[in-house]
Structure formats: C-alpha cells, structure tokens
Amino acid sequence: MSVGASQNTLVLEPASVEDVPAITALWFDAFTQPAIGELFPDTPAMRAWNESWHRGDMETRPYQKYLRVIDTASTDEQGRPRLAAFGKWDLAMPEERGRRFSWWCEDSPYQDCEDLIDGLEQERKRVMGDQKHYYLDTVGTHPDYQRRGAASLIVKWGCDLADRNGVGAYVDASKEGAPLYQKFGFVDYGPPGSGIASMARSKE
Ligand SMILES: CC(C)(COP(=O)(O)OP(=O)(O)OC[C@H]1O[C@@H](n2cnc3c(N)ncnc32)[C@H](O)[C@@H]1OP(=O)(O)O)[C@@H](O)C(=O)NCCC(=O)NCCS
C-alpha cells in the first residue's frame with residue numbers, strides 16, 4: 001500500500017464494474033467537505049447506495065464514460081493496481097439522460113438532495129441552453145494522490161473528445177476544484193457569491 005510512486009506511474013484507463021468497490025471507497029475518502037457529508041453521510045447504507053449508483057450507471061447508461069487512474073507501482077488489498085482517481089464524463093444531454101439519480105438513500109435528507117440537484121440542473125440549462133456539450137459528472141482523487149495530475153488526466157480526456165467532436169463541456173465545480181478546470185479553458189458563469197461554480201468550456 002505504499003505510495004512512493006512518481007507521477008509517471010499514474011495511468012488513465014476506462015473503468016469497469018470491477019472497479020466499483022474501489023470507486024466507492026475513494027469517493028468517501030475524497031469527498032470530505034462538510035456540506036457533502038450532510039447529504040451523503042458515511043454510513044453502511046450510503047456506501048451501498050453509492051455502489052449501486054455507479055454500478056447502475058455503468059450497466060444502463062453507456063453514454064456515461066467512467067475512467068480510472070491507477071498507480072501501476074502500488075497494489076490494493078485485493079492485489080489490484082491501486083485506484084488513485086476516478087471520473088465520469090456524461091456524453092448525453094440532460095433530456096436524453098433523464099434524472100441524474102433515480103433514487104436517494106434513506107440516510108440522505110431527501111428534499112435537500114432534490115433541491116441541490118434541481119439547482120445544478122437549472123444552472124446547467126441556464127448556462128448551456130441547447131448547445132451540445134459533455135458533462136463532467138464526477139471527478140475525485142484520493143488524498144494520497146492529489147496534486148499529481150490524476151484529475152487533470154480525466155478532465156483532459158473529456159475535453160479532447162469534446163474538441164474532436166466540436167461540442168462544449170460543462171461542470172458544476174466546487175470552488176476548490178475550479179482552478180483545475182480553468183486550466184482546461186472552463187470559465188465560471190455562476191452567480192457571484194455562489195458556493196458552486198457553473199463552469200463551461202466552448203467548443204473549439
Ligand atoms: C479537486 C480534485 C479532483 C483535484 O484532483 P488532483 O488529482 O489533485 O488534481 P491535479 O493534480 O490534476 O491538479 C491540477 C490542478 O488543479 C489545481 N488544483 C488541484 N488541487 C488543488 C487544490 N487543493 N487547491 C488549489 N488548486 C488545486 C491546480 O491548478 C493544479 O495544478 P498544479 O498542481 O500544477 O498547481 C481533488 O482535490 C479532489 O478529489 N477533491 C475532493 C473531491 C472534489 O472536490 N472533487 C471535485 C469537485 S468539483
């Protein structure tokens with residue numbers, strides 16, 4: 001489990017359902033912001049919900065591309081290459097996808113979750129309108145691997161695809177995550193003072 005690897009041992013690959021347990025474990029290690037913990041507390045039921053979210057989307061939403069960044073110099077308890085980061089690019093427009101989350105865990109405050117996601121969806125619609133774009137749904141890097149370029153590999157993957165296909169890109173970003181996206185040409189169009197950045201990148 002040692003991490004003494006340099007950045008060039010980090011490799012970007014497609015993720016599969018076999019990665020779901022590691023993705024969920026990483027999610028809870030990375031998303032430690034108090035506001036997120038209020039909506040998604042770290043309980044056994046919530047971990048099961050998180051796994052079912054990722055597994056369900058992988059199995060039923062082929063337009064959602066899950067990516068993993070592994071450390072080829074380190075293995076986890078199962079002897080698999082250690083997961084350093086994961087991300088999910090959604091190539092569908094909101095209308096094609098439908099509800100982002102089909103259900104909430106019983107340990108989540110239902111209405112608060114609905115209100116958060118409704119607000120994010122409205123911002124996305126306000127900023128992007130009907131312009132075709134890809135949506136960076138989630139990206140997280142394990143704290144042991146942060147600031148080593150893992151998330152950048154994931155963001156770049158989607159931006160390159162968007163450029164090849166002549167479409168835009170969008171992410172609802174934490175203020176902490178915003179500098180990462182700015183590096184790839186995203187601009188914050190969110191209202192001043194908002195805790196969440198509504199970041200868009202035009203087609204090239
Ligand atoms: C945000 C996050 C995904 C960044 O992952 P990462 O693998 O560390 O990112 P990278 O190493 O590719 O960083 C790329 C650039 O992003 C910016 N950046 C990354 N982490 C940063 C931080 N903590 N503070 C300020 N800028 C940061 C920097 O510009 C950085 O470039 P630099 O290291 O050359 O200065 C990671 O910190 C994380 O998982 N945070 C918790 C979950 C989360 O908030 N996810 C994103 C929601 S929008």
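Just so you know, all these numbers are worked out from the coordinates, no wet-lab data involved. Fair warning: this is a prediction, and the values are worked out from it, not measured in the lab. Backbone-built Cβ (ideal geometry, glycine too); neighbour counts: all protein chains shown.
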- Flag for residue 92 being farther than 23 Å from residue 22 by Cβ and within 15 Å of the ligand (Cβ to nearest atom): no
- Sole exception among (1) of a type in the set (Phe, Trp, Tyr); (2) more than 21 Å from residue 34 (Cα to Cα); (3) away from the ligand (no atom under 13 Å from the Cβ) for residue 170, by number: (3)
- Message: Return the residues of segment 173-191 that are within 21 Å of residue 36 (Cα to Cα) and in a loop (DSSP other than H, G, I, E, B); say none if nothing qualifies.
- Response: 175, 176, 177, 190, 191
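Does residue 169 count as assigned to a helix (DSSP H, G or I) and either surrounded by 14 or more Cβ atoms within 10 Å (Cβ to Cβ) or within 17 Å of the chain's Cα centre (by Cα) (or both)? Before the answer, list the steps.
Working: assigned to a helix (DSSP H, G or I): no; either surrounded by 14 or more Cβ atoms within 10 Å (Cβ to Cβ) or within 17 Å of the chain's Cα centre (by Cα) (or both): yes.
No: the conditions fail for residue 169.
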- Of the residues in segment 33-65, how many are within 14 Å of the chain's Cα centre (by Cα) and of a type in the set (S, T, N, Q)? 2
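For every residue, the table says whether it meets (1) out of contact with any Gly (no Cβ under 7 Å at 6 or more places or on another chain); (2) more than 10 Å from the ligand (Cβ to nearest atom); (3) more than 27 Å from residue 184 (Cβ to Cβ).
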site	(1), (2), (3)
71	yes, yes, no
86	no, no, no
105	yes, yes, yes
127	yes, yes, no
133	no, yes, no
138	no, no, no
148	yes, no, no
160	yes, yes, no
